[in-house]
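Please read the structure below before turning to the comments.
The values are calculated or read from the model by the stated rules, or taken from the named source; none is laboratory data. This structure is a prediction, so every number in the text was calculated from the model and none was measured. In this analysis, Cβ positions are derived from the backbone assuming ideal geometry, glycine residues included, and neighbour counts consider all displayed protein chains.
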Amino acid sequence: MMTFRSSLLLFLFSLLLLSSCGKREEQAQAFGPDANPKPEAVPTQTPRRFPPSEVPADRVAFQKIAFSPELIYATTDAFLNVAVTTQEVSGIKLFYSFWVNRRLVRESEENALPHKFFKKGDLLYADVVVLKEGKEIARRRSEAIQVLDSPPRFTRLEVPKIQGFGDYTIPVEAFDDDGDKITFALQGENLPEGLSIDSQTGTILFAFHKEPAERVVFSVVADDGQERSSQEVTLLFRQVKGETPAAPVQDKKEESKPSSPQETPPQPPDQPSR
């Protein structure tokens, strides 16, 4: 017959089993399919350790540990640039442990962290180990850097040739790698009348019925609410200078008879004016 002591031990053992199962379930949820980084990117939460080297740590000096590029976006691969100087030590190798939001996501002898391991807003940092013959001489940690919001990218902007007076359409398309909604706007000084842009689609409309300057320069701005990108556009009107919206095509030998001086159509340079 089971004694009270045996029953108590069995009860405590059952509690330990339940607790262990609960922890495993929590870990599985923490590294679920929607988590960042993905499960296969997290080999362990403890960085790899190496046996200590007989080479003193003061024989190695870290001159630089910094991520590049300086601005990292969700579509940018991150690289850790490390400069090390040594005193009477040769044959060293570097080993990298990359962290995202305090989770170890990659360990490698390569200094690259592909952008598939992080997203906008994540915090990146890395540990660098100096090795000689597989043994650790020194270890340092980089400063943390945050993954920034990606600015919109222009994927289409077609500037038409201005052949004469009329209505022109300039298609504009942009893409945001973070999936943010993009709005469009025009920026510039002394923009001609009839020039506008659809803030939602980005389509530029230009009703060219009044002669502007020979050259018009403006910028198209794409804004995702946090970051902005701009693309400069130049419109040239030299080939239509001298035209009027309603002027009929005149033969060089014919003379026009305007009803008033204000309605006199401009004359070509090689045709003398009356």
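Applying the set (1) at pLDDT 55 or above; (2) in a loop (DSSP other than H, G, I, E, B) to Phe62 leaves exactly one unmet item: (2).
Here is a check on your reading of the model: is Pro152 surrounded by 18 or more Cβ atoms within 10 Å (Cβ to Cβ), in contact with an Asp or Glu (Cβ under 6 Å, 6 or more places away or on another chain) and more than 19 Å from Arg49 (Cβ to Cβ)? The answer is yes for Pro152.
Would you confirm, using the coordinates I've provided, whether Leu80 is in a loop (DSSP other than H, G, I, E, B), in contact (Cβ under 8 Å) with a residue 60 or more places away in the chain and under 30 Å from Asp176 (Cβ atoms)?
Answer is no for this residue.
Considering only residues in segment 113-142 that are over 21 Å from the mean Cα position of the chain (by Cα) and not in a strand (DSSP E or B), the one that is surrounded by the most Cβ atoms within 10 Å (Cβ to Cβ) turns out to be Ser142.
Do we find that Ser199 is touching a residue at least 60 places away in the same chain (Cβ under 8 Å), under 25 Å from the mean Cα position of the chain (by Cα) and assigned to a loop (DSSP other than H, G, I, E, B) in this structure? Can you show your working first?
On the way: touching a residue at least 60 places away in the same chain (Cβ under 8 Å): no; under 25 Å from the mean Cα position of the chain (by Cα): yes; assigned to a loop (DSSP other than H, G, I, E, B): yes.
So Ser199 does not fit the description; no.
Kindly indicate whether Ser97 is under 20 Å from Arg49 (Cα atoms) and among the polar types (S, T, N, Q). Yes: the conditions hold for Ser97.
Report yes if some residue within segment 158-171 is polar (S, T, N, Q), assigned to a strand (DSSP E or B) and modelled with pLDDT under 95; otherwise report no. Full working, then the answer.
Looking only at segment 158-171, we keep the residues that are polar (S, T, N, Q), and these are 163, 169.
From the residues that got through so far, the ones that are assigned to a strand (DSSP E or B) too are 169.
Pick out the ones that are also modelled with pLDDT under 95 and you get 169.
Yes, segment 158-171 contains a residue that is polar (S, T, N, Q), assigned to a strand (DSSP E or B) and modelled with pLDDT under 95.
Do we have any residue at all in segment 241-255 that's at pLDDT 80 or above and assigned by TED's automatic domain parsing to the domain that holds Tyr168? I'd like the intermediate steps shown before the answer.
First, pick out the residues of segment 241-255 that are at pLDDT 80 or above: none.
No, because not a single residue in segment 241-255 is at pLDDT 80 or above and assigned by TED's automatic domain parsing to the domain that holds Tyr168.
Glu110 - would you say it is in the same structural domain as Pro69 (by TED's automatic domain parsing) and not in a strand (DSSP E or B)? Taking the combined requirement at face value, the residue satisfies it. The residues listed here are Lys161, Lys120, Lys116; of these, the one that is under 18 Å from Ala78 (Cα atoms) and touching a helix residue (DSSP H, G or I) at 6+ places or on another chain (Cβ under 9 Å) is Lys116.
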